[in-house]
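Here is the structure we will look at, set down as structure tokens.
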Amino acid sequence: MEIELGECSDSVEEISPGMMVVGRTGRKNVRGRVLEEEEGGDVRVIDIDSGEVFLLSRNNLSKVSTSLLYIPPLAIPLKLYGVRKANSALSEADRVGVLDRVREECKSSSPLLCSVSLMERNLKHFPLPANVRYNMVEENDGNLALDLIEVGLCHVISRFYQWEEEMADNGLEWMLDPMSVPLPLSFLPHPLPLAVGQWLHISVEGLDYPQVGGEDQDLDVETPDANRIGVHIRPLDSKSRFDQHQQEICRSLSTISPQILKLNTYFS
């Protein structure tokens, strides 16, 4: 695709929001969709294969070939489930800082591979709510939403309206039908981002015993869902002392406990 992008050289005569173009950004050519034309004549374009937004002059725009139009976008709009932005927007410096932090923690020169888990099947409206996990030392011990909380760029949602507002704040007005209303998730899991190796302070409750004639019956291997438990995440002072894994536990608690306290405040 890179070679074909470089071969697109026919100039664009008219610009309109939504049209596809090839944009030249330095030494790189990208497939872009026009968002808007600025007063000074520059054009705001989004790279459909990375999601990055550029401000380009008309001289750096070319007509896109027919074959490139039929290649699906490589970037899919996602919304990290369970968290909301601490400020109105994440700046480019914020995003670069988080990614640099992730690369440092991975301590690997190989490309970072992520696992994207959608919250439900058959979702048909962008952005898609999802968990984004990656591998540092072991499988799925990194969570992008958790990273954003740790650096103070996001908070855990504590109200349904906060999730609705976060989903609506997506910057996709250029591609979404303004009259369409996205269907809510059929079930909202616990919003706290989890990762392999994370330490949590919890209480555990078993399911209710089955009753026969008003009396509890003992559980056995034949009892439906007998192995299921309920887990409640509790706050705990991050300065607590432990005889093992002190640093790892306190790091987890320093991130999670403030978020759990906020959740408990709203639900109490």
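The values are calculated or read from the model by the stated rules, or taken from the named source; none is laboratory data. Keep in mind that what you see is a predicted model, and the values were worked out from it rather than measured. Because the Cβ atoms are built from the backbone with ideal geometry, glycine has one as well, and the counts that use them run over all protein chains shown. For accessibility, only protein heavy atoms count, side chains too; no ligands or nucleic acids. Shrake-Rupley method; radii C 1.70, N 1.55, O 1.52, S 1.80 Å.
Miscellaneous remarks
- 3J(HN,Hα) from dihedral phi, the range 134-139, Karplus parametrisation 6.51/-1.76/1.60, rounded to Hz, x for glycine, proline: 8, 9, 9, 9, 9, 5
- Measuring with a 1.4 angstrom probe and ignoring ligands and nucleic acids, MET167 comes out at about 40 Å² accessible.
- Taking Cα centre as origin and charging only the Cβ of basic (Lys, Arg, +1) and acidic (Asp, Glu, -1) residues, the dipole magnitude of the chain rounds to 600 debye.
- Length-normalised contact order of the chain in % [C-alpha pairs under 8 Å, at least 6 apart]: 13 percent
- DSSP-loop GluC sites (Glu not before Pro) across the range 11-97, with at most 15 other Cβ within 10 angstrom: GLU13, GLU14, GLU38, GLU39, GLU52
- Protein accessible area in the range 1-82, 1.4 Å probe - carbon and sulfur %: 47 percent
- Computed lengthening from LEU176 to GLN162, 0.36 nm per intervening residue step minus Cα-Cα distance: 3.0 nm
- Highest-fluctuation residue, ALA93, ALA130, ALA195 considered, GNM on the chain with Cα pairs under 10 Å: ALA93
- Taking amide H atoms as placed 1.01 Å from N in the peptide plane, the amide H of THR25 lies under 5 Å from those of VAL30, each 5 or more residues away in sequence or on another chain.
- Per residue accessible area of the chain, 1.4 Å probe, in Å²: 66 Å²
- Distances between placed amide hydrogens fall under 5 Å for LEU128 paired with LEU78, LYS79, all partners being 5 or more residues away or on another chain.
- Farthest positive-ward along the chain dipole, Cα basis, beta-carbon charges - from LEU172, VAL83, ASN59: ASN59
- Couplings for the range 35-42, taken from phi via the Karplus curve 6.51 cos²θ - 1.76 cosθ + 1.60 with θ = phi - 60°, read 9, 6, 9, 6, 4, x, x, 6 Hz in order; Gly and Pro are left as x.
- Here the Gaussian network model covers the chain, with springs between Cα atoms less than 10 Å apart; of GLY214, GLY23, GLY97, GLY214 fluctuates the most.
- Amide H contacts of MET175: none lie under 5 Å away among residues 5 or more positions distant or on a separate chain (H built 1.01 Å from N in the peptide plane; Pro and chain starts excluded).
- Integer Hz, Karplus 6.51/-1.76/1.60 couplings in order for the range 186-203, x for Gly and Pro: 5, 8, 9, x, 4, x, 5, x, 10, 8, 4, x, 6, 9, 9, 9, 10, 10
- Using R0 = 35 Å, the C-beta based FRET efficiency linking ASN122 and GLU205 works out to 0.60.
- Those trypsin sites (Lys or Arg not before Pro) in the range 1-67 that DSSP places in a loop and that have at most 11 other beta carbons within 10 Å: ARG27
- Placing +1 on the Cβ of every Lys and Arg and -1 on the Cβ of every Asp and Glu, with no other charges, gives the range 23-139 a dipole of roughly 300 debye about its Cα centre.
- Selected from HIS155, HIS190, HIS245 as most flexible by GNM, with the chain as the system and alpha-carbon contacts under 10 Å: HIS245
- The helix-only estimate of mean residue ellipticity at 222 nm for the chain, built from DSSP H runs of length n ≥ 4 each weighted as -39500 (n - 2.57), is -7000 deg cm²/dmol after division by the residue total.
- Under DSSP loop assignment and at most 13 Cβ neighbours within 10 Å, longest chymotrypsin sites (Phe, Trp or Tyr not before Pro)-free interval of the chain: 71-173
- Pairwise inverse Cα distances across the chain, averaged and inverted, put the Kirkwood hydrodynamic radius at 22.2 Å.
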